[in-house]
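Please read the structure below before turning to the comments.
The values are calculated or read from the model by the stated rules, or taken from the named source; none is laboratory data. As the structure is a computational prediction, the values presented were derived from the model and not from experiment. In this analysis, Cβ positions are derived from the backbone assuming ideal geometry, glycine residues included, and neighbour counts consider all displayed protein chains.
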Amino acid sequence: MTTIKLYDLARVTKSGGSWSYNVWKTRLALNYKGISYTTIWVDHSTIKSTLEAIGVTPNTSGKGFEYTVPTVKLQDDSIITESAKIASKLEDIQPSPSLRLDTNLQAEADSVVRMVYAPLLPIYMPHVAREVIDKSTVPAFAKSRHARFGMSLEEMEGLIGEEQAWEATKPGFEAMKKLLRERKEDEGPFIHGSQLCYADFVLVAVFEALRRVGIDMFEKAIGMDPSFEKLYDACEAWVQNDQ
Ligand SMILES: N[C@@H](CCC(=O)N[C@@H](CS)C(=O)NCC(=O)O)C(=O)O
């Protein structure tokens with residue numbers, strides 16, 4: 001039986017594993033459900049040609065990148081791109097344990113994550129270029145950032161200092177704290193308390209991506225509120241499979 005193929009972004013060395021935020025949402029879901037998969041590593045010079053070759057249609061909305069991971073090739077050879085669509089397909093293929101998909105809650109979690117992520121991009125992207133990806137792929141990485149954000153990595157880095165960037169994440173982390181508090185049904189670590197749902201993975205993915213890109217960033221983020229560490233620790237079993 002062929003297993004699911006997961007397309008993910010490579011890093012310069014194999015150790016350290018997956019580092020990409022959106023792919024972590026899918027890995028968490030796959031690992032939680034115990035679905036077996038193999039990873040096909042692409043990089044910023046090969047993502048387009050690889051995904052084009054398996055029949056992915058480009059995102060031409062003008063929002064986001066043209067070709068993205070996570071993309072999966074399922075056992076029946078169908079291809080799905082977009083983490084939210086993949087989550088819903090995985091839930092159909094294997095309903096138990098359930099991801100308890102709730103589109104409104106996922107949208108809320110997505111928006112909280114964006115509030116945290118956006119101010120960090122000027123420090124995160126240049127750091128990825130310097131420390132995470134292979135040097136030979138940096139020009140392609142820089143080119144697609146330029147197309148998306150309208151500036152070079154150097155210009156991006158000059159936008160804001162590190163301290164100011166972290167200061168600007170505070171409303172996002174406050175919103176995350178609120179999200180982790182207002183729907184609790186008991187003392188459990190997840191949004192709903194002791195019952196996990198996919199929106200928890202949307203939040204955990206941001207911590208995991210930061211951990212895989214720079215441990216200092218992870219420690220700063222997770223230290224913002226005790227509820228973050230509780231949530232992360234409760235999901236730790238599902239961040240182990242990173243290959
Ligand atoms: N909405 C998409 C976003 C996917 C996305 O932007 N993925 C990033 C990696 S985290 C990517 O593939 N970027 C392509 C690139 O960096 O060129 C999803 O949820 O899957």
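Considering only the stretch 122-143, how many residues are surrounded by fewer than 16 Cβ atoms within 10 Å (Cβ to Cβ) and within 20 Å of the chain's Cα centre (by Cα)?
Here is the first cut: in the stretch 122-143, the ones surrounded by fewer than 16 Cβ atoms within 10 Å (Cβ to Cβ) are 130-131, 134-136, 139, 143.
Okay, now just the ones that are also within 20 Å of the chain's Cα centre (by Cα), so 130-131, 134.
Selection size over the stretch 122-143: 3.
Going by the structure shown, is residue 91 assigned to a helix (DSSP H, G or I) and away from the ligand (no atom under 15 Å from the Cβ)? Even if it seems obvious, please write down each step before you answer.
Values: assigned to a helix (DSSP H, G or I): yes; away from the ligand (no atom under 15 Å from the Cβ): yes.
Against the criterion (assigned to a helix (DSSP H, G or I) and away from the ligand (no atom under 15 Å from the Cβ)), residue 91 qualifies.
Please tell me if residue 243 is in a loop (DSSP other than H, G, I, E, B) and farther than 23 Å from residue 104 by Cα.
So residue 243 fits the description; yes.
Looking at (1) out of contact with any Ser or Thr (no Cβ under 6 Å at 6 or more places or on another chain); (2) part of a helix (DSSP H, G or I); (3) assigned by TED's automatic domain parsing to the domain that holds residue 208, which is the only condition residue 159 fails?
Of the numbered conditions (1) out of contact with any Ser or Thr (no Cβ under 6 Å at 6 or more places or on another chain); (2) part of a helix (DSSP H, G or I); (3) assigned by TED's automatic domain parsing to the domain that holds residue 208, the odd one out for residue 159 is (2).
I'm told residue 24 meets every condition in (1) surrounded by 19 or more Cβ atoms within 10 Å (Cβ to Cβ); (2) touching a strand residue (DSSP E or B) at 6+ places or on another chain (Cβ under 9 Å) except one. Can you identify the failing condition by its number?
Result: residue 24 fails condition (2) only.
Return the pair list, or none, for Cβ contacts closer than 7 Å from residues in the stretch 74-88 that are within 18 Å of residue 8 (Cβ to Cβ) to residues that are assigned to a loop (DSSP other than H, G, I, E, B) and within 12 Å of the ligand (Cβ to nearest atom), at least 6 apart or on different chains.
Pairs that qualify, where the first residue is within 18 Å of residue 8 (Cβ to Cβ) and the partner is assigned to a loop (DSSP other than H, G, I, E, B) and within 12 Å of the ligand (Cβ to nearest atom), are 79/56; 81/56; 81/68; 83/70; 86/70.
Report yes if residue 61 is more than 29 Å from residue 168 (Cα to Cα), more than 17 Å from the chain's Cα centre (by Cα) and surrounded by fewer than 18 Cβ atoms within 10 Å (Cβ to Cβ), otherwise no.
no
If residue 38 satisfies all but one of (1) free of Cβ contacts under 8 Å to residues at least 60 places away in the same chain; (2) surrounded by 17 or more Cβ atoms within 10 Å (Cβ to Cβ); (3) polar (S, T, N, Q), what's the number of the condition it fails?
Status for residue 38: all satisfied but (2).
Is at least one residue of the stretch 133-153 within 13 Å of the ligand (Cβ to nearest atom), of a type outside the set (Lys, Arg) and outside any helix (DSSP H, G or I)? Lay out the reasoning, then the answer.
The initial filter retains those residues of the stretch 133-153 that are within 13 Å of the ligand (Cβ to nearest atom), namely 133, 137-149, 153.
The next check asks that each one be of a type outside the set (Lys, Arg); those that pass are 133, 137-142, 144, 146-147, 149, 153.
From what is left, the residues that are outside any helix (DSSP H, G or I) are 133.
Checking the stretch 133-153: at least one residue is within 13 Å of the ligand (Cβ to nearest atom), of a type outside the set (Lys, Arg) and outside any helix (DSSP H, G or I).
Could you give every pair whose Cβ atoms fall below 7 Å, whose first residue belongs to the stretch 199-223 and is within 16 Å of residue 127 (Cβ to Cβ), and whose second residue is within 16 Å of the ligand (Cβ to nearest atom) and not in a helix (DSSP H, G or I), counting only separations of at least 6 or pairs across chains?
Sorted first by the residue in the stretch 199-223, then by its partner, the pairs are 209/19; 209/20; 212/16; 212/17; 212/18; 212/19; 213/19.
Quick check: anything in the stretch 172-179 in the same structural domain as residue 126 (by TED's automatic domain parsing), under 20 Å from residue 218 (Cβ atoms) and out of contact with any helix residue (DSSP H, G or I) (no Cβ under 8 Å at 6 or more places or on another chain)?
Initial filter on the stretch 172-179 (in the same structural domain as residue 126 (by TED's automatic domain parsing)): 172-179.
This time we only want the ones that are under 20 Å from residue 218 (Cβ atoms), so: 172-177, 179.
Checking the rest, the ones that are also out of contact with any helix residue (DSSP H, G or I) (no Cβ under 8 Å at 6 or more places or on another chain) come to 174.
For the stretch 172-179, residues in the same structural domain as residue 126 (by TED's automatic domain parsing), under 20 Å from residue 218 (Cβ atoms) and out of contact with any helix residue (DSSP H, G or I) (no Cβ under 8 Å at 6 or more places or on another chain): present.
Search the stretch 26-55 for residues being part of a loop (DSSP other than H, G, I, E, B) and among the β-branched types (Val, Ile, Thr), and hand back the single one that is farthest from residue 73 (Cα to Cα). Write out each step before concluding.
Filtering the stretch 26-55 for residues part of a loop (DSSP other than H, G, I, E, B) gives 34-36, 43-46, 54-55.
From the residues that got through so far, the ones that are among the β-branched types (Val, Ile, Thr) too are 35, 46, 54.
Values: 35: 13, 46: 17, 54: 9 Å.
Looking at the filtered set, the residue picked out is 46.
Have a look at 148, 114, 100 and point out the one that is surrounded by fewer than 17 Cβ atoms within 10 Å (Cβ to Cβ), of a type in the set (Lys, Arg) and at pLDDT below 95.
Answer to the check: 148.
Select from the stretch 59-88 the residues that are within 13 Å of the ligand (Cβ to nearest atom) and in a loop (DSSP other than H, G, I, E, B) and list them in ascending order.
59, 61, 63, 64, 65, 66, 67, 68, 69, 70, 82
Conditions first: (1) within 16 Å of the ligand (Cβ to nearest atom); (2) exposed (fewer than 14 other Cβ atoms within 10 Å of the Cβ). Residue 163 passes all but one, so which condition is the exception?
Residue 163 satisfies all of (1) within 16 Å of the ligand (Cβ to nearest atom); (2) exposed (fewer than 14 other Cβ atoms within 10 Å of the Cβ) except (1).
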